[in-house]
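Visitor: Okay, handing you the structure first.
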Amino acid sequence: VKEIEAFIGKINYYGKFISNFSHKCKPLNQLRKKKYRWVWTKECQSSFECLLHEISKTTTLVHYGHRLPLILATDASNYGLGAVLLHRYSDGSEKPIAHASKKLNNTERNYSQIEKEALSIIFGIKKFHQYLAGRTFELVTDNKPLLSIFNPTKGIPVTTANRLQRWAIYLMGYNYSIRYKPTKLHGNADALSRL
C-alpha cells in the first residue's frame, strides 16, 4: 500500500497535465482504501501502465498568455467534476492550458444534476482563480438552465435554490460571459468528469 501511495503521490504532481486524471487513478486509489482487500487486478495494472504512458508522452498544453482570450469549460458526471482552461487563438482553435478533475464526495453525489454542473463551474473557477481573477473569460457549460441562473447580465432568478444562489453571488466577483455547448461537442470537460 505504501508503494502505491508513493507512486500516486509522485504522479499527482503531473495530474494537471493528464486529461481525465482522476478516472485513470481510480483503480489504484481503491487499493488505498481500508475497506477494500488489496488485490492487484488487471484493471490496476492497466491504470498503472496508462499513467506511466501519460507522463512520458508529450502533452499538447500551451503556455498561458495574458493577451489571448480565456475559456473555462466545465462538466459534471454522477461521480466527478471536470474543468479545462483553454486559450482561443485567432484561427478559432482552442488549446488547453491546464486540466483539473475531482471525484465527488458522498454528500456531493446526492446533489441534483444541475447542482453538480454548477459545482463543476465553482470548482473550475477556484482551481484556476490565478488565471481568471481580473480577466474577462468565457464560461462554457452543457447545462442550459445554468445560462439564466449564472448569466452575469441578468439578476438571479427568485425561484433558484439557495445553494445555486450562493454560487451565483460568488461568481459576481468575476468578469465572464456564459455559453452553452451541447454535450456531444463538450468532450474535453465531459471526459474529465467521468470518474
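Visitor: Among the residues that make up the range 129-151, is at least one of them under 25 Å from Cys25 (Cα atoms) and touching a Leu at 6+ places or on another chain (Cβ under 7 Å)?
Guide: no
Visitor: Of the residues that make up the range 162-184, is at least one over 11 Å from the mean Cα position of the chain (by Cα), modelled with pLDDT of 95 or more, of a type in the set (Val, Ile, Thr) and crowded, with 17+ Cβ neighbours inside 10 Å?
Guide: Yes, the conditions are met somewhere in the range 162-184.
Visitor: Now for a different question. From the list Leu85, Leu28, Leu68, Leu52, which residue is of a type in the set (A, V, I, L, M, F, W, C) and in contact (Cβ under 8 Å) with a residue 40 or more places away in the chain?
Guide: Leu85
Visitor: When you scan the range 88-102, do you find a residue that is surrounded by fewer than 23 Cβ atoms within 10 Å (Cβ to Cβ), closer than 18 Å to Tyr170 by Cβ, in the same structural domain as Pro182 (by TED's automatic domain parsing) and among the β-branched types (Val, Ile, Thr), even just one?
Guide: no
Visitor: Could I ask something else about it? Given the structure, is Ser120 among the small types (Gly, Ala, Ser) and in contact (Cβ under 8 Å) with a residue 24 or more places away in the chain?
Guide: In short, yes.
Visitor: Please go through the range 122-141 and pick out each residue that is in contact with a helix residue (DSSP H, G or I) (Cβ under 7 Å, 6 or more places away or on another chain) and buried (at least 20 other Cβ atoms within 10 Å of the Cβ).
Guide: Ile125, Leu132, Leu139, Thr141, listed by residue number.
Visitor: Related question: Considering only residues that are in a helix (DSSP H, G or I), hydrophobic (A, V, I, L, M, F, W, C) and surrounded by 18 or more Cβ atoms within 10 Å (Cβ to Cβ), look in the range 1-49 and name the one that is modelled with the lowest pLDDT.
Guide: Among residues in the range 1-49 that are in a helix (DSSP H, G or I), hydrophobic (A, V, I, L, M, F, W, C) and surrounded by 18 or more Cβ atoms within 10 Å (Cβ to Cβ), the one modelled with the lowest pLDDT is Ile11.
Visitor: Considering only residues of the range 35-93 that are out of contact with any strand residue (DSSP E or B) (no Cβ under 8 Å at 6 or more places or on another chain) and aromatic (Phe, Trp, Tyr), which is farthest from Ile4 (Cα to Cα)?
Guide: Top of the filtered list is Tyr36.
Visitor: Somewhere in the range 123-142, is a residue in a loop (DSSP other than H, G, I, E, B) and at positive phi?
Guide: Checking the range 123-142: at least one residue is in a loop (DSSP other than H, G, I, E, B) and at positive phi.
Visitor: With respect to His99, is the statement that it is in contact (Cβ under 8 Å) with a residue 24 or more places away in the chain, out of contact with any helix residue (DSSP H, G or I) (no Cβ under 7 Å at 6 or more places or on another chain), part of a strand (DSSP E or B) and under 20 Å from Asn20 (Cα atoms) true?
Guide: No: the conditions fail for His99.
Visitor: Which numbered condition trips up Lys102, out of (1) at pLDDT 90 or above; (2) closer than 18 Å to Phe137 by Cβ; (3) among the charged types (D, E, K, R)?
Guide: Evaluating Lys102 over (1) at pLDDT 90 or above; (2) closer than 18 Å to Phe137 by Cβ; (3) among the charged types (D, E, K, R) leaves (2) as the failure.
The values are calculated or read from the model by the stated rules, or taken from the named source; none is laboratory data. Predicted model, so just to flag it, every value in this text is computed and none were measured. All Cβ positions, even for glycine, are placed from backbone atoms using ideal geometry, and neighbour counts span all protein chains on display.
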